[in-house]
Every structure is written in C-alpha cells, then in structure tokens.
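First up is the structure itself, then whatever we jot down about it.
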Amino acid sequence: MADETIGRQHQELIAFLTSSSDMRKTARSSVNAGLWAGGGAFAGAFMFGPLGGLAGGIAGSLAGFLKGDEYDGAVQAIVKLEEERRKVLIDEVTQVLITAGAAANALQIDGGFTTALRDFAQQDAVRDGVW
C-alpha cells in the first residue's frame, strides 16, 4: 500500500516536471549552469589544488550565469500554479521527502544498512541479475 502511494506521488511529481515547459526550461538551464560551475571547479582543482577548485568553481559559476538563459526557479514555477494543483503537488513532494527521510533514518539504525542490503540482495530480480 505504501509503495503504491509513493509510486503515485512520484508519478505526479514526474508528470509535473515533464509537462511544465517552465520546469523543463528550469531543469535545462540549471543543469547547464551546474556543468559550467562543476567544470570550472574540476579544472581549477586539477590544475591548482583545493584553492584552484574554489577559484574555478567561482569562475565557472560566473561563466554559467553570463552564458545562461533567463529562467525562473522551481519555486516560482510552483507559485504560478493554480492553488489546488500547487497544494496537491506540495503535499505529494512532502510525502516523498518524508518517506525518503524515513528510509534514510532506517539505514542509520544499528544493523539497518546490513538488513536493507540483505533484503535487497534477496530479491529474485537482483539475485538473478547478479549471479
């Protein structure tokens, strides 16, 4: 039951992200800016060490900002939604995050990671795919 609810919520979130042209533009532009920043940080760190990584990250971020398109962030895209749709989306994202947090907390309990790994490995599809 919980897996069905999470799956439905995940599908709602993915549908929103893919059907909204604002969100697609935001995602594309964010990835582009992130690649500039990450590339600059990598190049700087590779050439000059940790301080070079800092300087390269700043320079890459600046380059990404200057070369990037104008776009609104995800929060602005969500605010533009009609009230009922926005409420449903926020509730579903909240539930996905709570569930993800609960799963992460379960892994932190003594033996939680070992139990989760064992349960995962015992699934037929996983076991058959590996062995």
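Determine which single condition ILE98 fails, assuming it passes every other condition in (1) under 20 Å from the mean Cα position of the chain (by Cα); (2) at pLDDT below 70; (3) open to solvent by 90 Å² or more (accessible area, probe 1.4 Å).
Only one criterion is unmet by ILE98, namely (2).
If you check ARG86 against the conditions, is it assigned to a helix (DSSP H, G or I), open to solvent by 50 Å² or more (accessible area, probe 1.4 Å) and modelled with pLDDT of 80 or more?
Considered against the rule, which asks whether it is assigned to a helix (DSSP H, G or I), open to solvent by 50 Å² or more (accessible area, probe 1.4 Å) and modelled with pLDDT of 80 or more, ARG86 comes out as yes.
Is there any pair linking a residue in region 50-68 that is under 12 Å from GLY34 (Cβ atoms) to one that is open to solvent by less than 20 Å² (accessible area, probe 1.4 Å) and hydroxyl-bearing (Ser, Thr, Tyr), with Cβ under 7 Å and at least six apart or on different chains, and which?
Filtered contacts from region 50-68: GLY68/SER29.
For region 18-56, which residues satisfy the criterion of being surrounded by fewer than 16 Cβ atoms within 10 Å (Cβ to Cβ) and touching a Phe, Trp or Tyr at 6+ places or on another chain (Cβ under 6 Å)?
LYS25, the sole residue that qualifies.
Report yes if GLY73 is under 30 Å from GLN11 (Cβ atoms) and either open to solvent by less than 60 Å² (accessible area, probe 1.4 Å) or touching a residue at least 40 places away in the same chain (Cβ under 8 Å) (or both), otherwise no.
Here the answer is yes, as GLY73 does meet what is asked.
Does region 34-56 hold any residues that are assigned to a helix (DSSP H, G or I), among the small types (Gly, Ala, Ser) and more than 15 Å from the chain's Cα centre (by Cα), and which are they?
Scanning region 34-56 gives ALA37, GLY38, GLY39, GLY40, ALA41, ALA43, GLY44, ALA45, GLY52, GLY53, ALA55, GLY56.
The values are calculated or read from the model by the stated rules, or taken from the named source; none is laboratory data. Here the structure is a predicted model, which is why all the values come from computation and not from measurement. Cβ sites come from the backbone with ideal geometry, for glycine too, and all protein chains shown count toward neighbours. What goes into the accessible areas is simple: the full protein's heavy atoms, side chains included, and nothing from ligands, DNA or RNA. Shrake-Rupley method; radii C 1.70, N 1.55, O 1.52, S 1.80 Å.
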